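Data first, discussion second: the structure below is written as structure tokens.
Please treat every number below as a calculation from the coordinates, not as lab data. Since this is a predicted model, take the numbers as computed values, not measurements. All Cβ positions, even for glycine, are placed from backbone atoms using ideal geometry, and neighbour counts span all protein chains on display.
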Amino acid sequence: MSMEIQGLVSSAQVTPVAGRIKTQSIEQQRRRLQEQGDRVQQEVRQKQEQQMSKIEEAVDRLDTFAKSVNKKLSYSFNKELNQVVVKVLDAQTDRVIKELPPAELQRLHMKIQEYIGMIVDETA
């Protein structure tokens, strides 16, 4: 059983449009891509600045609260864990009262990462 569709070829004709399609040189394409990259970098910088502003605001609020309860907060960044570490200190003696996350947990996290690395190395 065959079906014929009449008029399909005549209705699907394409007429060329002269002069409408412009070809871009490699230099134009490079410039356009550079501009797009610049815009993306600017957006990323703006978002990072907004995030830093929020972080600084949160740190200020935490410091204000800590002072109200006669404590100090010490902030550091553990590069191996890619994690912020906060120490709660006695304001008068500078003795560490609490560390978040606890040092034991940080060591455990590093050991787990080490073991995962060994497992990945063995399976590769």
Just add up the charged neighbours of MET52: K/R +1, D/E -1, any other residue whose Cβ is under 14 Å from the Cβ of MET52.
-1
Return the sequence-ordered ³J(HN,Hα) values of the range 58-75 in whole Hz as given by the Karplus equation 6.51 cos²θ - 1.76 cosθ + 1.60 applied to θ = phi - 60°, using x for Gly and Pro.
5, 4, 4, 5, 5, 4, 4, 5, 4, 5, 5, 10, 6, 10, 10, 10, 10, 10
Give, in nm to one decimal, the length gained when the segment between VAL96 and ALA58 is fully stretched (0.36 nm per residue of separation minus the Cα-Cα distance).
11.6 nm
Quick check: net charge around ILE116, other residues with Cβ under 14 Å of its Cβ, Lys/Arg +1 and Asp/Glu -1?
-3
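What is the count of Lys pairs in the range 27-123 whose alpha carbons sit under 12 Å apart, if the two are 8 or more places apart or on different chains? Before the final figure, lay out the partial values.
Working: LYS71/LYS87; LYS71/LYS98; LYS72/LYS87; LYS72/LYS98; LYS87/LYS98.
Lysine pairs, 8 or more places apart or on different chains, close enough: 5.
Less than 9 Å Cβ to Cβ from LYS72, Lys/Arg counted +1 and Asp/Glu -1: what total charge do the surrounding residues give? Numbers along the way, then the final one.
Working: positive: LYS67, LYS71, LYS87; negative: ASP63, ASP90, ASP94.
Local charge sum for LYS72: 0.
Rounded, prolate or oblate for the range 27-123? Axes are the square roots of the Cα gyration tensor eigenvalues, ordered a ≥ b ≥ c, and the cut-off for rounded is a/c under 1.5. All intermediate terms of the calculation are to be shown ahead of the outcome.
Numbers: a/c = 5.46, a/b = 1.39, b/c = 3.92.
Verdict is oblate for the range 27-123.
Any chance you could run the full-extension gain for GLU43 through THR123? It's 0.36 nm times the residue separation minus the Cα-Cα distance, nm to one decimal.
Working: separation 80, 0.36 × 80 = 28.80 nm, distance 3.96 nm.
Separation in residues times 0.36 nm, less the Cα-Cα distance, equals 24.8 nm.
Rounded to the nearest 20 debye, what is the charge dipole size of the range 67-113 about its Cα centre when +1 sits on each Lys and Arg Cβ and -1 on each Asp and Glu Cβ?
Numbers: 9 positive and 5 negative charges, 18 e Å.
Dipole size: approximately 80 debye.
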